[in-house]
Structures are given as structure tokens and as C-alpha cells.
Amino acid sequence: MTPASPLHRRRFFATLAGGLGLPALLQPSLALAKDSRLPTPASLPQAARAAAAQGEPLLLLVSLPGCPYCELVRRNYLLPMRQQQGLHAWQLSLSDRGSALTGFDGNPTSPAAQISAWQAGFTPTLLFLGPQGQELAERLVGVAVPDFYGAYLQDRLVSARQAFSVRPV
């Protein structure tokens, strides 16, 4: 058996890299086009009331642009659940200091300021909130074990729904 020539090795690795999605990494416009964003609420009380009207908690994803784990949570869990089950899932960006947001106290704030007030500065963080902004279940912080994230999310949703059902709306 003869060793492969440098030209054959280069072709092999170029083909391998192309098949692994390297072109998307080299072309930022393609990578950004695949970004899956959740909507950002203009009013937290209004978003929470809409969720409460359906007997559901408000889910808020604390996110950061370019965070691959945030993208994993959005794309694999929150967006499908929002589209298929009507889950009230929204996102707030840790870096968004310019957008107007009405806080649960009725005062204007920004997503970054609200996240700071909640002390939820790690991304991704999922908050499970009731109609007055109270946390109904333990926060889901980070993605330690992606294989179990769906189970952790379901457990928190069950807890939040149970807490919601025993609280006055």
C-alpha cells in the first residue's frame, strides 16, 4: 500500500470539511439565516396575561446573540413546542439595552436591565413565570447534558403548571 499523495490528502480533507458544514461557517450569511429566534415581548405583564388566559406559565429564554446553546434550546425545544403546543415562550437578550420593555411593575425598562434585576445573567436560562412575574418553577440554567435537556424542561413545565394551577390568576 502506498501513502496518499499530498494532493489526494488535501482533496480528501476538503471533501470532508465540505460535508461537515464548513462552508456555512465560512459564510456568515448562511449561518445567520439559519438562526431561529423567538419573539421578544414588548410588555411582560401582557405576555404573562396571555399565557395565564390559557392556564400556562410564561417561559422566558435569557439569550445572547451567537450563543450556540441558546440556539440549541430555541431550535430543538422551544420553537417546536411553541408551534405545536402553543407554548408561551419568548426571549430576552442579555445584550439588548435599547429595546423598550414594560416590566411586571408597569415601568419601562430594557431586556438587559430586566435580566440584571432577575440576576439571570447566564445563557441560556429559562424562567417559568406566573401572571405577576413570580417564578413558578426552578430556573433551567445552561445545557449541562443536552441528551437530558428535554426531560429537565418537561419537569420544570410540570412544576410550573402545578404551581400555576394552585395560585389565583
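What follows draws every value from the coordinates through simple rules; no lab data is involved. Source: prediction; values computed, not measured. No Cβ is skipped: glycine too gets one built from the backbone with ideal geometry, and neighbour counts run over all protein chains shown.
Using the Cα centre as the reference, give the magnitude of the dipole from point charges on the C-beta atoms of the range 35-166 (Lys, Arg: +1; Asp, Glu: -1; all else neutral), rounded to the nearest 20 debye.
That gives a dipole near 180 debye.
Taking neighbour Cβ counts within 10 Å as the exposure measure, how do THR102, THR123 sort from fewest upward?
Working: THR102 17, THR123 22.
Final ranking by Cβ density, sparse to dense: THR102, THR123.
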